Amino acid sequence: MAAVLRTRRSTRRPNLLYLFIALTLIVGAACGSSEQTLEQQASRMDKKFMCPVCPSETIDQAQVQIAKDMRQIIRDKLADGESENDISQFFVDRYGIQVLASPPTTGFTSLVWIVPPVVLGIGLAALYMILRDMRRGKAALTSRASGATAGATPSTTNDALAPYLEAVDEEMRQSGPQRTAADNKVSTDSATINNGSNEVNG
Amino acid sequence: MAELGQLTLMLGLALTVYATLGSVLGARKGVPELVVSARNATYLITAVAGVTAIALVTAFVTNDFSIEYVYGHSSTAMDRSFLWVSFFSGNEGSLLFIVLTLSLMTSIAMFLSPRGFKDALPYTTAILAGIMGFFFFVLVFFASPFAPLDFVATEGLGINPLLTHPGMFIHPPLQMSGLVGISIPFAFAFGALIAGKTRDEWLDAARVSAIVIWALLGSGMLLGAWWAYTILGWGGYWAWDPIENVAFMPFLALTTFIHSVMVQKRRGMFRMWNVVLLSVAFVLAQFGMFINRGGPVVSVHSFGASTLGIIFLAFMLFSLAFALIVFFWRFNDLKSDRPLESFLSREASFLMNNFLLLGIVGVTLWGVLFPLASEFAQEETVTVSAPYFNHINGPMLLALVLLMGVGPVLPWRRANRASLKRWLLWPALLAITALAGMAASGLEKPIALFSFSVLVFVITSIGQEWYRGTMARRRAGDNFAVGFWKLVNGNRPRHGGYVVHISILVLAFGIIGTGFYSQREDTILNLGESFEIDNYRIEFAGHGEEPRADRLAQWAIINVYKDGKYAGELRPWSAFYPGFNQVSVRAGISTGPIEDLYIIPTDFLNERGEGVLAGGGPVTRAVFRVSINPLAWWLWMAGPIFILGSVIALWPQPAVELSPALNRRRRPTRSAALQTGD
């Protein structure tokens, strides 16, 4: 069956990807419009404020009186038609900025939001460049052939692994015939080298 | 008992100093007797720590309130079975527990260490003995659990009521053992580096011990989540609290290591990187200890104000310096021998996995430290809590899950288009079908639907590999079950890894369900009244109470009707502990694979509407928080699967690394000496 599939699959993958993205967007658009009840809005807001007297619990989690009061305030104010920002400001005026479960996206505290994506972006770029360099290194190393590289794998094979190696070979046969020979060679080489080094150590 | 305990603590300190110095000197000057003697001293440390622990247990059992620690953490009124929890419920006792567990793990690790590791073992011993020495030092001079109480007491203060939960018997020990246990793979790697064994000599010992420690940590965190879910009273299980984060970060770093180490094992690459990862995990574990014991960050879990913070900070910085010095000393010997061949290869996908995991570590660390930075820079206290972590770590965790479906099916070295299509077509097709199906059936929340379809992608990818592998064996004549068994048996680390991946999928299933679809309402009910939420009706049918020496326990008797049919009774429970001025609740949970009905009594009221904590008249009304937590059941299912996967991955292959009895008696044969685990 795999063989049949493979023959028909030459250009399908990118299309699948587009289909997936399109579907996600459609689903997103369809779901985004749903209305929130007041209680849903309130319980969502409960998670955004810290309980001022308990260590690192939101008012959603905390069971002390002040948290219950604050939950009630949110519901009362929402019922009065106040906006989320108003309520937020009300609590910040009362308890200071640390009442917010995550810092505002303006001023100094915006750093908390900006730094991670920037650093991760740089990291990703660095990773790409390192990988590219490693690939370049490959060209220089290929002349040293497989014997030099195989010594680095001290543990590749023994008798107990025979079934597994069979499975690997099977995999290799299925995914690309040209690689089977090379890989077998590596395995054998490393086994030989290993035995040598073991005798030295032991 | 106090004198005995104090004495054995000092003996322990002396032994650790001897073991550390003896190992190093013996190895450097070439005195095998000294090395052996130091190793025996290390075994003795375990015995000494055991005796110390027994002394403290005895003090607890005999209610020896002349000891401050016993006075502060137990009482005659508490449930006696929780004395075991009292043992490690405070700073001093938990440090003693850490020494006990580390010494035990050290002895086991040394006993089982592979024969080929002999030359490096003294240095490993020295590192571990040094770490234990630090804990003994703190116990003797700063936090002795045997310090006398300076007045006479006939009754103790009792145990923190939040800790009286079955999960507490296992969660803290696992967590502490896991965090301090990171020392063991670290010591294997760095012992080898110091000894100049900079190739792969340490690899198997470090890998196996890292997986054991990692499994302990992982199960510990799951148990902690379960505890929070049933007792903390908000229906959640993970809050990105600083202490949770500092336990999560070393776990992630260790996860990175046990993935990346496979590349070193199979391809001889990433050698330097793996050493870095172990150091990161080790230092992060120290950082966790610092935060936990008097660090500058507030948390629900911490041991409260303690002056130990600075000592642990110093130890963390020392660990960091040690790791850096050894690393750069051996820098040139750690280079990889092989280049990367392709961006589409298993090596590259491991790198991507490393990047994401460490990215999450970095993001989390940034979130933990930012309040300090803010206080320092603008003298304003801010909170960085769940919304930040969910927004930034959420997508990265999802990407990591997606990678679980791609990475393992990529071949080593280089993938070609054909193999990509062969392995990714069905998962992609099924994921898209699932997405379309869910959208068509009217489920809300696009992010959740997208996440679910990612889970489908990964599970199909794993299932496909198992299916194809099994079919290959079937063609060879085995039946389906035998074929599958042979497939798994043929490469246990790999298939154990898949089982662990499945447990993560199961966990993610629960997280997505509860995270996106939970409903919650607060309601006040008179006795006999009912309340409807979703397709449930709950009836406040009765109230019971039981005064105990240390608490007044009350519970509501709730009849649950689902779709109009009686579906059972729940007894959400709450107790007031006057000694702690604290209320502890136990949720009434009706659980199932689809959803949990989760009820917590927040207040019991008398007819005047006053809260009834301890007496105050018959209860006529009560306030409940009623939640429906979809898929929460799956969170706890992940635990057993996770453990199963770890056990499969660790189950020794015939003639493997950790079989000292065999290796010692026999001259190693060729296959035994190869020490292959994979």
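Between A:ARG94 and A:THR106, the distance separating the two model label sites (each 7 Å from Cα on the Cα→Cβ line) works out to 2.2 nm.
Once you have the Cα-Cα distance between B:VAL623 and B:GLU569, take 0.36 nm times their residue separation minus that, and quote the gain in nm to one decimal.
Numbers: separation 54, 0.36 × 54 = 19.44 nm, distance 1.75 nm.
Here the segment from B:VAL623 to B:GLU569 would lengthen by 17.7 nm.
Take each residue in A:111-118, count the other chain C-beta atoms within 10 Å of its C-beta, and the mean is 5.
In whole angstrom, how long is each semi-axis of the equivalent ellipsoid of region B:343-456, when you take the square root of 5 times every eigenvalue of its Cα gyration tensor and sort them from largest down?
Details: eigenvalues 243, 101, 8 Å².
The answer is 35, 22, 6 Å, longest axis first.
The phi torsions of region B:310-320, fed into the Karplus equation with coefficients 6.51, -1.76 and 1.60 and a -60° offset, translate into couplings of 5, 5, 6, 5, 4, 5, 5, 5, 4, 4, 4 Hz, rounded to whole numbers, with Gly and Pro shown as x.
Which value, in debye to the nearest 20, describes the size of the charge dipole of chain B about its Cα centre when Lys and Arg Cβ atoms bear +1, Asp and Glu Cβ atoms bear -1, and nothing else is charged? Walk me through the numbers before you get to the answer.
Numbers: 47 positive and 42 negative charges, 856 e Å.
That gives a dipole near 4120 debye.
Three principal axis extents describe the C-alpha atoms of region A:38-102; from largest down they are 31, 21, 18 Å. Positive-end ranking of B:ALA47, B:VAL85, B:GLY72 along the dipole of region B:1-164, with charges on Cβ about the Cα centre, is headed by B:ALA47.
You can think of it this way: the chain between B:GLU545 and B:VAL57 has 172.5 nm of extra reach, that is 0.36 nm per residue less the Cα-Cα gap.
3J(HN,Hα) along region B:32-40: x, 4, 5, 4, 5, 4, 5, 5, 5 Hz, from the Karplus curve 6.51 cos²θ - 1.76 cosθ + 1.60 with θ = phi - 60°, whole Hz, x for Gly and Pro.
Once you have the Cα-Cα distance between B:GLU607 and B:LEU324, take 0.36 nm times their residue separation minus that, and quote the gain in nm to one decimal.
Numbers: separation 283, 0.36 × 283 = 101.88 nm, distance 6.71 nm.
Once the chain is fully extended between B:GLU607 and B:LEU324, it gains 95.2 nm.
Label zone (B:GLN378, point 7 Å along Cα-to-C-beta; backbone nitrogen cut-off 12 Å) within region A:94-115: A:97-98, A:103-113. Label-to-label distance, B:GLU444 versus B:GLN519, with points set 7 angstrom from Cα along the beta-carbon direction: 0.9 nm.
On a per residue basis, the convex hull of the C-alpha atoms belonging to region B:139-210 measures out at 129 Å³. With contributions of -39500 (n - 2.57) from each DSSP H run of at least four residues, the per-residue ellipticity at 222 nm computed over chain B stands at -21000 deg cm²/dmol.
Annotation: Cα Rg of region B:1-164 relative to the compact-globule expectation 2.2 N^0.38 Å equals 1.17.
Give the calculated FRET efficiency between B:GLN582 and B:VAL36 to the nearest 0.05, with a Förster radius of 60 Å applied to their Cβ-Cβ distance. Show your work: numbers first, answer last.
Values: r = 53 Å, r/R0 = 0.88.
That gives a FRET efficiency of 0.70.
Extending 7 Å from the Cα toward the beta-carbon at both B:VAL482 and A:ALA22 defines two label points whose distance is 4.9 nm.
Across peptide B:365-371, the mean count of Cβ atoms from other chains lying within 10 Å of each residue's own Cβ comes to 3. Expressed in units of 2.2 N^0.38 Å, where N is the residue count, the Cα radius of gyration of region B:169-220 is 1.27.
Shielding by partners for peptide B:376-385, expressed as the average number of C-beta atoms from other protein chains within 10 Å of each residue's C-beta, is 6.
Ordered from longest to shortest, the equivalent ellipsoid semi-axes for region B:113-181 are 36, 20, 7 Å, each the square root of 5 times a Cα gyration tensor eigenvalue. Go from 0 up to the bin containing the longest alpha carbon distance in region B:426-545, width 5 Å each, and give me the % of pairs per bin. Here the calculated profile for region B:426-545 is 2, 9, 13, 13, 12, 11, 10, 9, 7, 6, 5, 3, 1, 0. Volume per residue of the convex hull around the Cα atoms, evaluated for region B:519-634, comes out as 101 Å³. Given axes a ≥ b ≥ c from the Cα gyration tensor, I'd like to know whether region B:18-61 is rounded (a/c under 1.5), prolate (a/b larger than b/c) or oblate. Here region B:18-61 falls in the prolate category.
Residues B:ILE594, A:ILE74, B:ILE511 ordered from highest to lowest accessible area at a 1.4 Å probe: B:ILE594, B:ILE511, A:ILE74. On the basis of the beta-carbon distance and an R0 of 45 Å, B:THR433 and B:ALA153 show a calculated FRET efficiency of 0.10.
Is chain B rounded, prolate or oblate when judged by the Cα gyration tensor, a ≥ b ≥ c being the square roots of its eigenvalues, rounded requiring a/c under 1.5 and prolate requiring a/b larger than b/c? Write out the running numbers ahead of the final one.
Numbers: a/c = 1.98, a/b = 1.14, b/c = 1.73.
Oblate, since a/c reaches 1.5 and b/c is not below a/b.
The values are calculated or read from the model by the stated rules, or taken from the named source; none is laboratory data. Note that the coordinates shown come from a computational prediction; the quantities given were computed from them, not determined experimentally. Please note: Cβ atoms are built from the backbone with ideal geometry, for glycine as well, and neighbour counts cover all protein chains shown. Calculation scope for accessible area: heavy atoms of the full protein, side chains included, ligands and nucleic acids excluded. Shrake-Rupley method; radii C 1.70, N 1.55, O 1.52, S 1.80 Å.
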